[in-house]
Amino acid sequence: MAPVTCILLLLLLPGALGDVSTVKDLVVLEGRSVTIPCHYDPQYTRHVKYWCRGTLKDFCSSLARTDSPPRAGGKVAIADDPVQRVFTVTMTDLQEGDSGWYWCGVEVGGMWRADDTASVYITVTHGMSVLNSMVVGEEGGSVSIQCLYGYRHRDSVKKWCRSGDWGSCVSTDANGTLEGGPVRIRDDRSGAFTVTVRVLEPRDAGWYWCAAGQQQVPVHLTVAPRSTTLLSSTAEGAPMTSLPATAPSRPKAPSLSTVAMEPDKGGQDFYSNPVLGSPLMICGTLLLLAVVVMVPWNMWYQYKRIQRRRNMDELATSLSMYPGCEGDQAKTSVLFLNTASQQVHML
């Protein structure tokens, strides 16, 4: 009998089978809204879903149901999405008195089975918060910080202060704005004000406070170095690189090794080239010209020398073969030309 009793007690416990799940804890600023997702298993697609408030599920007060129309002027709305197997609950204009335990519930029905539920604790505070507590801006640029506050601080003066130095605070005027200066503040009077810090400098980095009334929230600002390449727009809209201005250099007098020439648009001055104007290059060019001249001249000289020798050989052959000359060889004179002195020798 005891085991059966234990099983029945487990079945009666809310959420014992864990078929419904949701978020654990939520903190919401006063005057704000919140939406809570409640997930359920596929078998509960056609079941009734509800949202109730109370420390214990069995004694919670129903605030919204999927089988009932929403209450006129109510702050709670419920919607079911069977495809995603989730129903959502939206609560608007929350006040501190709305803090407490809430339950996502699915009606199971039946005598021996309790509804499947999941609980969430919602805390409503009148303090402050920021969307991003660690912000980064570039040197010379600007950065914006959105500070959120509770409903009761709607008419409070909004401030932006450097941490540890309350004398540095700047605040809004009666219209909820601050203009004219490196810091600009704009308050929408509906739960958020935006602080914009302009023309950032490295010294602006550090901790700051968003403040509304007696409530503050810390924000850390980091100033990143400016990019090394600055881009500016040209007439055609193309970016160009900005270079620092330099004083015009004084023109130099021409030297013996170089000749000042105005280079045309098609190329560079020959002598302005460090390779072409070097002494080594000039000597090499002269040597090449000498070789080009000497080689043909030497070939022509050798050709003429061979031609003269060939003529003399032919002359000697002709004399030796001339008819009737065998007996007159003693009377024969031979001419030898000395090319060096151009003198004639007779033998």
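The values are calculated or read from the model by the stated rules, or taken from the named source; none is laboratory data. Quick caveat, the model's predicted, so the values are computed rather than measured. Using ideal geometry, Cβ is built from the backbone for each residue, glycine included, and neighbour counts are taken over all protein chains shown.
Since Leu29 meets every condition but one in (1) out of contact with any Ser or Thr (no Cβ under 7 Å at 6 or more places or on another chain); (2) surrounded by 11 or more Cβ atoms within 10 Å (Cβ to Cβ); (3) modelled with pLDDT of 85 or more; (4) not acidic (Asp, Glu), which condition does it not meet?
(1)
Tally the residues that are more than 35 Å from the chain's Cα centre (by Cα) and either closer than 20 Å to Gly137 by Cα or among the hydrophobic types (A, V, I, L, M, F, W, C) (or both), restricting the search to segment 149-194.
3
Those residues that are within 26 Å of Leu94 (Cβ to Cβ) and either modelled with pLDDT of 90 or more or touching an Asp or Glu at 6+ places or on another chain (Cβ under 6 Å) (or both), I need them from segment 170-191; list them, please.
Result: Thr172, Gly176, Ile185, Arg186, Asp187.
Specify the residue that is nearest to Val20 (Cα to Cα); the eligible residues are those in segment 36-59 that are of a type in the set (Lys, Arg) and surrounded by 14 or more Cβ atoms within 10 Å (Cβ to Cβ).
This residue is Lys49.
Scan (1) surrounded by fewer than 17 Cβ atoms within 10 Å (Cβ to Cβ); (2) touching a residue at least 24 places away in the same chain (Cβ under 8 Å) for the single condition Ile145 breaks and write down its number.
Every condition holds for Ile145 apart from (1).
If the requirement is being of a type in the set (S, T, N, Q), in contact with a strand residue (DSSP E or B) (Cβ under 7 Å, 6 or more places away or on another chain), over 22 Å from Pro225 (Cα atoms) and assigned by TED's automatic domain parsing to the domain that holds Thr45, which of these qualifies: Ser156, Ser171, Ser119?
Ser119
Specify which of the listed residues (Arg154, Arg113) is in contact (Cβ under 8 Å) with a residue 40 or more places away in the chain and under 30 Å from Arg65 (Cα atoms).
Details: Arg154 fails: under 30 Å from Arg65 (Cα atoms).
After applying the criteria, what remains is Arg113.
From the list Arg32, Arg46, which one is closer than 30 Å to Leu221 by Cβ and either outside any strand (DSSP E or B) or more than 45 Å from the chain's Cα centre (by Cα) (or both)?
Arg32 is the lone residue from the list that is closer than 30 Å to Leu221 by Cβ and either outside any strand (DSSP E or B) or more than 45 Å from the chain's Cα centre (by Cα) (or both).
From (1) in contact with a Ser or Thr (Cβ under 9 Å, 6 or more places away or on another chain); (2) part of a strand (DSSP E or B), pick out the condition that doesn't hold for Val199.
(2) is the only condition that Val199 fails.
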